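Everything on this sheet refers to the single structure shown next.
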Amino acid sequence: MPADRPTGGLDLAALLADRGAERYELHARHLNPQLPRMLHTIGFDRTYERARGAYFYDADGNDYLDMLAGFGIFALGRHHPVVRDALRQVMDLDLPDLTRFDCPPLPGLLAERLVAHAPGLDRVFFGNSGTEAVETALKFARYATGRPRVLYCDHAFHGLTAGALSVNGESGFRKGFDPLLPDTAVPLGDLAALERELRKGDVAALIVEPIQGKGVHETPPGWLLAAQELLHAHKALLICDEVQTGIGRTGTFFAYQHEEGVRPDLVCAAKALSGGYVPVGATLGKSWIFEKVYSSMDRVLVHSASFGSNAQAMAAGLATLQVVQDEQVVENARRIGDLLRARLAALTDRYELLADVRGRGLMIGIEFGRPKSLKLRTGWTALQAARKGLFAQMVVVPLLQKHRILTQVSGDHLEVIKLIPPLIITEKEVDRFVDAFTEVMDDAHRGSGLMWDFGRTLVKQAVSNR
């Protein structure tokens, strides 16, 4: 027993050794019952014992390359030593955390470092998640402008709490949870549609992901800046949702910074800021917005979060930004992302099922499309008739089962795989992924192998679910 462990209490290692094998049964009985069912169906019901960096390991010591990063949370990989050390330090300091009646230094220090990466933004509200960061931005925008309606883009994903769901562009998430906040969707990149809504005079803000997570669609060149100018001309605000794209993912600290002159009024961040340990959400904004929301001492707690700004989260955020700086994480994301995207794009001429490769930095979408040859078109058509998105799932499965690489389909009913690996990956991981993907695509074009066998199973499952 380690010298600093108390006698008695909880022995997590023993508990996991005793009950860990029940993981899927426990989830089925006490949590979301569809999760284990889904994992069994698509063959993702693996048992991972530990993780480090960009890899998982099973009980036999086999490694699995993580090209998903917990939906972008593990930008620094898993269990980064600098973040671990910062958390040990903050625990050992016995800080008087969350007293509610003081101004602890760690939130101020983290806010100072965040706004240094976002010229034009001055203040930060800390919550506990990306959806809380979005909720904060929605509230602040509506209060600061005195207007009720928020615009969002088709196919957007901004979270699943009630306010964030109001600006979620996926009908499957919204269905059954109405009524929501006043909102209107506009097509991504459509300035005319944006201007038509702004002329109505009731729009508080437009919220937009500079690169949409669903499908990995980037805003068209020049559109963000033009949208910003339209919004400001109509006294509305620009909110950039950088929950997934922020903290270096796309090769700049924030993705909106790829377009010169864009200066959002509010920016939402989370995921990577946690260092993979302690949830933290951040809403960055201009001073005048914060000063209007918190306009008097009577309004000092008009917006707050019980665990926001806690010492562990702030320490994790500070450590994360230190690693981003010291290890040149943003530069690595840009360089390795360019390499991976270029190598994958070079395969589009080789494989007729591969329609497009797009993205920025280490946020990459691989899209599949209808083939030209009759043999492949027959199989493709059968899959599309059963359920759109099955082919992409057929690629994801052998990548895991045969090549031990974890990826994801980019959204329901989409033939797109999204790659959002840890930002610390190297050329070695690029080689491993491209080699595996090439082998899977070779099998697909031969009409043989594990993926087509699995495809037939998916078709039967899709038909039976109707």
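Within region 382-429, if we keep just the residues that are modelled with pLDDT under 85 and part of a helix (DSSP H, G or I), the residue that is surrounded by the most Cβ atoms within 10 Å (Cβ to Cβ) turns out to be Leu383.
All conditions but one from (1) at negative phi; (2) within 23 Å of the chain's Cα centre (by Cα) apply to Tyr351; the one that does not is (2). Counting only residues that are modelled with pLDDT under 95 and of a type in the set (Gly, Ala, Ser), which one in region 430-466 is nearest to Glu367 (Cα to Cα)? Ranking the qualifying residues of region 430-466, first place goes to Ala444. For beta carbons closer than 6 Å, sequence separation of 6+ or different chains, a first residue in region 290-301 that is at negative phi and a second that is among the hydroxyl-bearing types (Ser, Thr, Tyr), the qualifying pairs are Val293/Tyr143. When the residues of region 262-275 are narrowed to those that are assigned to a loop (DSSP other than H, G, I, E, B) and buried (at least 24 other Cβ atoms within 10 Å of the Cβ), which ends up nearest to the chain's Cα centre (by Cα)? Filtering first and then ranking leaves Ala270. Being open to solvent by 20 Å² or more (accessible area, probe 1.4 Å), aliphatic (A, V, I, L, M) and in a helix (DSSP H, G or I) is a description that does not apply to Ala319. Taken as a whole, the structure places Gly20 among residues that are more than 21 Å from Leu399 (Cα to Cα) and either touching a Cys at 6+ places or on another chain (Cβ under 7 Å) or small (Gly, Ala, Ser) (or both). Quick check on Val115: is it in a helix (DSSP H, G or I), among the β-branched types (Val, Ile, Thr), over 26 Å from His258 (Cα atoms) and in contact (Cβ under 8 Å) with a residue 40 or more places away in the chain? For Val115, the condition - in a helix (DSSP H, G or I), among the β-branched types (Val, Ile, Thr), over 26 Å from His258 (Cα atoms) and in contact (Cβ under 8 Å) with a residue 40 or more places away in the chain - is not met. Of all residues in region 237-261, those satisfying the criterion of being in a loop (DSSP other than H, G, I, E, B), among the hydrophobic types (A, V, I, L, M, F, W, C) and in contact with a Cys (Cβ under 8 Å, 6 or more places away or on another chain) are Val243, Phe254. The residues of region 186-225 that are in contact (Cβ under 8 Å) with a residue 60 or more places away in the chain and open to solvent by less than 20 Å² (accessible area, probe 1.4 Å), listed by number, are Ala204, Ala205, Ile207, Ile211, Gly213, Gly215, Val216.
Table: residues versus (1) over 30 Å from Leu390 (Cα atoms); (2) in contact (Cβ under 8 Å) with a residue 40 or more places away in the chain.
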position: Leu12; (1), (2): yes, no
position: Gly43; (1), (2): no, yes
position: Arg52; (1), (2): yes, no
position: Gly61; (1), (2): yes, no
position: Val83; (1), (2): yes, yes
position: Leu95; (1), (2): yes, yes
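With respect to the stated conditions, Leu65 fails to be assigned to a helix (DSSP H, G or I) and surrounded by 14 or more Cβ atoms within 10 Å (Cβ to Cβ).
Which ones in region 360-381 are at pLDDT below 95, closer than 29 Å to Pro210 by Cβ and in contact with a Leu (Cβ under 6 Å, 6 or more places away or on another chain)? Across region 360-381, the qualifying residue is only Phe368.
Restricting region 226-245 to residues that are in contact (Cβ under 8 Å) with a residue 40 or more places away in the chain and open to solvent by 30 Å² or more (accessible area, probe 1.4 Å) leaves a set whose member that is nearest to the chain's Cα centre (by Cα) is Gln244. When region 276-299 is filtered for residues that are in a loop (DSSP other than H, G, I, E, B) and either basic (Lys, Arg) or more than 22 Å from Lys418 (Cβ to Cβ) (or both), the ones remaining, listed by number, are Tyr277, Val278, Val280, Lys286, Tyr294, Ser295, Ser296. Of the residues that make up region 345-359, is at least one within 25 Å of Ile420 (Cβ to Cβ), open to solvent by less than 60 Å² (accessible area, probe 1.4 Å), part of a helix (DSSP H, G or I) and at pLDDT 95 or above? Taking every residue of region 345-359 in turn, at least one turns out to be within 25 Å of Ile420 (Cβ to Cβ), open to solvent by less than 60 Å² (accessible area, probe 1.4 Å), part of a helix (DSSP H, G or I) and at pLDDT 95 or above.
Residues in region 360-379 that are surrounded by 18 or more Cβ atoms within 10 Å (Cβ to Cβ) and at negative phi: 11 in all. Which residues, taken from region 136-164, are aliphatic (A, V, I, L, M), open to solvent by 10 Å² or more (accessible area, probe 1.4 Å) and either touching a residue at least 60 places away in the same chain (Cβ under 8 Å) or in contact with a Gly (Cβ under 9 Å, 6 or more places away or on another chain) (or both)? Matches in region 136-164: none. Taking the criterion of being among the small types (Gly, Ala, Ser), open to solvent by 10 Å² or more (accessible area, probe 1.4 Å) and at pLDDT 95 or above, the only residue of region 277-296 that qualifies is Ser287.
Residues in region 74-87: is at least one in contact with a Leu (Cβ under 8 Å, 6 or more places away or on another chain), closer than 30 Å to Ala227 by Cα and open to solvent by less than 10 Å² (accessible area, probe 1.4 Å)? Yes: one or more hits. Pairs are defined by a Cβ separation below 7 Å, a sequence spacing of at least 6 or placement on different chains, a first member in region 429-448 that is farther than 17 Å from Asp356 by Cα, and a second member that is in a helix (DSSP H, G or I) and of a type in the set (Val, Ile, Thr); the pairs so defined are Val430/Ile336. All told, Leu110 meets the bar of being farther than 23 Å from Arg174 by Cα, assigned to a helix (DSSP H, G or I) and modelled with pLDDT of 95 or more.
The values are calculated or read from the model by the stated rules, or taken from the named source; none is laboratory data. Remember, predicted model here, so these are calculated numbers, not experimental data. A quick note on method: Cβ atoms are made from the backbone with ideal geometry, for glycine too, and the neighbour counts reach across all protein chains shown. Note: accessible area is taken over every heavy atom of the protein model, side chains too, but ligands, DNA and RNA are not part of it. Shrake-Rupley method; radii C 1.70, N 1.55, O 1.52, S 1.80 Å.
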